[in-house]
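Beneath this line is the structure, given in structure tokens, with notes to follow.
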Amino acid sequence: MNEVLRLARPDILALETYVTGRDDADVAGVSVYLDANESPYPPFAHGGESGDDGPWPSNRYPEPQPAWLLERFASHYETSPARLLVSRGAEEAISLLVRAFCEARVDHVVVNPPTFGMYEVAARIHGAGVRAVPLLTGDGFRLDVDGILDAASSGVKLVFVCTPNNPTGTPVPGEDVMRLAEALRGKALVVADETYLEFHGAASLGGLVGRRPNLVVLRTLSKAYGLAGERCGVTIAHPQVIAVLRKVLAPYPLTQSSLRVLSRALSPEGITHAHENILRVRAERTRMEAALARTPAVLRVHPSVTNFVLFETRDPTLLVKHLHAAGVKVRDRSDQPGLDRCVRVTIGTPAENNAMLAAVHRFSPTGEHISSAARPEPAAGAISVRDPH
Ligand SMILES: *Cc1c(COP(=O)(O)O)cnc(C)c1O
């Protein structure tokens, strides 16, 4: 059996892929669809008219993996449609990989904390074990390749590598990922999560999937393409890995509405729009890194290649509370291994970033910099707890 098929759960391999009413919908000559128990009437959202802005109106089930969309993604990510799976965000792809390849209570995944939490969550929900091989924190968050190879010597089906990594903002060299994939051939899939790659601008590992069948690359439109609300992630993998994932995928992962939005986002104009915003975010990231480094409350700024910046401060819990009171939400990451004093801030618009910087400037752990005038007024009608009545 093929090198990657052997890694999948045998009971999943034995499953027939479910055929939906839409999979064989494009039968020549058919124009009357009475096979899927759909309503013949377009919904109220269409004003009662049949949809004219997509191949199917919303009263019809969407195509599970539309050929036009796979073609667009294939040219966008420089691969072939057979190597692609489109899912509800990269998060769904993570869960599909765990469910299709890990035997519950038998197999493990490897994660490299501090990193994205969903790898571990998806594994635990499914009942798979988790082996943590921490990043080498004293060394710019480098991947511990030898440590991972030790941990994955048996009982491991998936190794998740987030590159660039969330929340550290650091990239993992492609050679490290490929060394893992080479050493683990026939043993485990190496999953490179490239969610933030556009902000870095480095080459994707997606082009190497053809050479290394146990390499899987995850992309998403959620971050750089501004489509977090539409839920669209793309898996680039060997066609046999894609076929296994399709057996686990829910029948209709993409809504008709998200398909309409995707069609526009992947047009030449949509791609130009995204590129302009990526450049804006990168310029603001450089400005934020420099401004934060000059701020008294900030002890250290970790260099980032993403759309967020991780920085250290003496009391992260207090700083995050202060920022929230000033109306700015950031993420306290100090509970993550190796990130004792760290806070993560996403790059916003210049005005949003200025609001954040101004609030950090006003912050002092002892409070002496906060003038009474800067303290938020109690909301109108609020009863002061000092009021004796
Ligand atoms: C945000 C994030 C995701 C989630 O992506 P979706 O496509 O929105 O599901 C995946 N991986 C990492 C590392 C992320 O930070």
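Quick look at the values:
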| item | result |
| --- | --- |
| Single match in Thr306, Thr317, Thr346 (criterion: touching a Gly at 6+ places or on another chain (Cβ under 6 Å) and polar (S, T, N, Q)) | Thr306 |
| Residue match in region 12-20 (condition: at pLDDT 90 or above and either of a type in the set (Phe, Trp, Tyr) or not assigned by TED's automatic domain parsing to the domain that holds Ser257 (or both)) | no |
| Residues of region 78-109 satisfying the condition of being touching a residue at least 60 places away in the same chain (Cβ under 8 Å) and away from the ligand (no atom under 14 Å from the Cβ) | Glu78, Thr79, Ala82, Arg83, Leu84, Arg99, Ala100, Phe101, Cys102, Glu103 |
| Wholly enclosed helices (runs of 4 or more DSSP H) of region 63-159 bearing at least 3 residues touching a Lys or Arg at 6+ places or on another chain (Cβ under 7 Å) | 89-101 |
| Conditions (1) at pLDDT 90 or above; (2) surrounded by 10 or more Cβ atoms within 10 Å (Cβ to Cβ); (3) hydrophobic (A, V, I, L, M, F, W, C); number of the one not met by Leu34 | (2) |
| Meets criteria (more than 16 Å from the ligand (Cβ to nearest atom) and not hydrophobic (A, V, I, L, M, F, W, C)) for His238 | yes |
| Residues located in region 212-224, provided they are within 11 Å of the ligand (Cβ to nearest atom) and buried (at least 24 other Cβ atoms within 10 Å of the Cβ) | Leu218, Arg219, Thr220, Leu221 |
| Of all residues making up region 245-266, the number that are in contact with a helix residue (DSSP H, G or I) (Cβ under 9 Å, 6 or more places away or on another chain) and over 14 Å from Gln65 (Cβ atoms) | 6 |
| Scan of region 165-207 for residues that are in contact with a Phe, Trp or Tyr (Cβ under 9 Å, 6 or more places away or on another chain) and among the acidic types (Asp, Glu), ordered by number | Asp193, Glu198 |
| Leu69 vs. criteria modelled with pLDDT of 95 or more, within 15 Å of Leu245 (Cα to Cα) and within 16 Å of the ligand (Cβ to nearest atom) | no |
| Only listed residue being over 16 Å from Ser87 (Cα atoms) and away from the ligand (no atom under 16 Å from the Cβ), chosen from Arg246, Arg282 | Arg282 |
| Odd one out for Ala202 among (1) more than 15 Å from the ligand (Cβ to nearest atom); (2) buried (at least 18 other Cβ atoms within 10 Å of the Cβ); (3) within 20 Å of the chain's Cα centre (by Cα) | (2) |
| From the options Val156, Val190, Val172, Val130, residue that is within 19 Å of the chain's Cα centre (by Cα), surrounded by 15 or more Cβ atoms within 10 Å (Cβ to Cβ), in the same structural domain as Ala224 (by TED's automatic domain parsing) and over 30 Å from His273 (Cβ atoms) | Val190 |
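The values are calculated or read from the model by the stated rules, or taken from the named source; none is laboratory data. Keep in mind that this is a model prediction, so the values were computed, not measured. Cβ atoms come from the backbone with ideal geometry, glycine included; neighbour counts cover every protein chain shown.
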